[in-house]
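One structure below.
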Amino acid sequence: MAMLWQNAQDDSWLQIALDREPVTLGPSIDAVDLDALRALNDSVALYPHVAGAGAVQWLLLAPLDAGVVVNDRALATGVRLIADRDAIRLPGQSELYFSAERLARIETYSGNDPVYCPRCKIAIAEGDAAVCCPQCAVWHHEDVGNDRTCWTYANTCALCDQPSALDRPEYQWTPGSL
């Protein structure tokens, strides 16, 4: 799940989860109804866009005169596809950082079409317990009850170097490491 990191008053970093719903940015970051957001012509917002394989990308939309800056550059066109670790500044607000990093977790596969596990080559059907690799977004079985532990079978994902530990509760990157 993507998130925003916001610098708090005590120089700690607050994590704000982005969950496939549009959010307005400002003194408080709140999920809003899409129709209500369209009515707010002067708001700065992040809109989710579902891309291929269910991956979510985020669009930053702002009025041209809002003074929004991304990575020390003015948002000249009013729209930008936000990338991992982008710094977002709104006038008079603390800096925000966007992170696309996700943690590996077991979830119920909800795709309409089955996908094939790269480790065992068997289809992952709707309703199966599985893990979507946070790095390459490829699904692996992870169903202990059915003896299909394809995600945790090895130390890394079957297709990339993403560690396959499920007990890693922390993000590898935070703005505090800048």
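Before moving on, here are some points about what is shown:
- Flag if Ala76 is in contact with a Leu (Cβ under 9 Å, 6 or more places away or on another chain) and more than 17 Å from Leu4 (Cβ to Cβ): yes
- Restricting attention to the stretch 72-95, the residues being in contact with a strand residue (DSSP E or B) (Cβ under 8 Å, 6 or more places away or on another chain) and either of a type in the set (A, V, I, L, M, F, W, C) or more than 19 Å from Gln15 (Cα to Cα) (or both) number 11.
- Residue tally, condition among the acidic types (Asp, Glu) and over 18 Å from Val44 (Cα atoms), over the stretch 2-26: 2
- Only one entry of Leu96, Leu59, Leu90 meets the criterion of being open to solvent by less than 40 Å² (accessible area, probe 1.4 Å), of a type outside the set (Lys, Arg) and more than 28 Å from Leu166 (Cα to Cα), and that entry is Leu90.
- The single condition from (1) within 15 Å of the chain's Cα centre (by Cα); (2) free of Cβ contacts under 8 Å to residues at least 40 places away in the same chain that Thr156 fails is (1).
- Taking residues in the stretch 7-20 that are over 14 Å from Glu101 (Cβ atoms), and partners anywhere that are open to solvent by 60 Å² or more (accessible area, probe 1.4 Å), the pairs with Cβ atoms closer than 7 Å and at least 6 places apart or on different chains are Asn7/Trp13; Ala8/Leu14; Asp19/Met1.
- Hey, Asp143 among the acidic types (Asp, Glu) and open to solvent by 70 Å² or more (accessible area, probe 1.4 Å) or not: no
- Meets criteria (of a type in the set (D, E, K, R) and in contact with a His (Cβ under 6 Å, 6 or more places away or on another chain)) for Arg148: yes
- Filtered residues of the stretch 1-22 (kept if open to solvent by less than 70 Å² (accessible area, probe 1.4 Å) and outside any strand (DSSP E or B)): Ala2, Ala8, Ser12, Leu18, Pro22
- Selected residue [open to solvent by 40 Å² or more (accessible area, probe 1.4 Å), in contact with a His (Cβ under 9 Å, 6 or more places away or on another chain) and of a type outside the set (A, V, I, L, M)] from Cys136, Cys132, Cys120: Cys120
- Filter result (touching a Cys at 6+ places or on another chain (Cβ under 9 Å), assigned to a loop (DSSP other than H, G, I, E, B) and free of Cβ contacts under 8 Å to residues at least 40 places away in the same chain) within the stretch 135-153: Gln135, Cys136, Val138, Glu142, Cys150, Tyr153
- Failed item, numbered, when Asn112 is tested on (1) free of Cβ contacts under 8 Å to residues at least 12 places away in the same chain; (2) among the polar types (S, T, N, Q); (3) surrounded by fewer than 16 Cβ atoms within 10 Å (Cβ to Cβ): (1)
The values are calculated or read from the model by the stated rules, or taken from the named source; none is laboratory data. Bear in mind that the values here come from a model prediction, so they are computed numbers and not experimental data. Please note: Cβ atoms are built from the backbone with ideal geometry, for glycine as well, and neighbour counts cover all protein chains shown. These area figures cover heavy atoms from the full protein model, side chains too; ligands, DNA and RNA do not enter into them. Shrake-Rupley method; radii C 1.70, N 1.55, O 1.52, S 1.80 Å.
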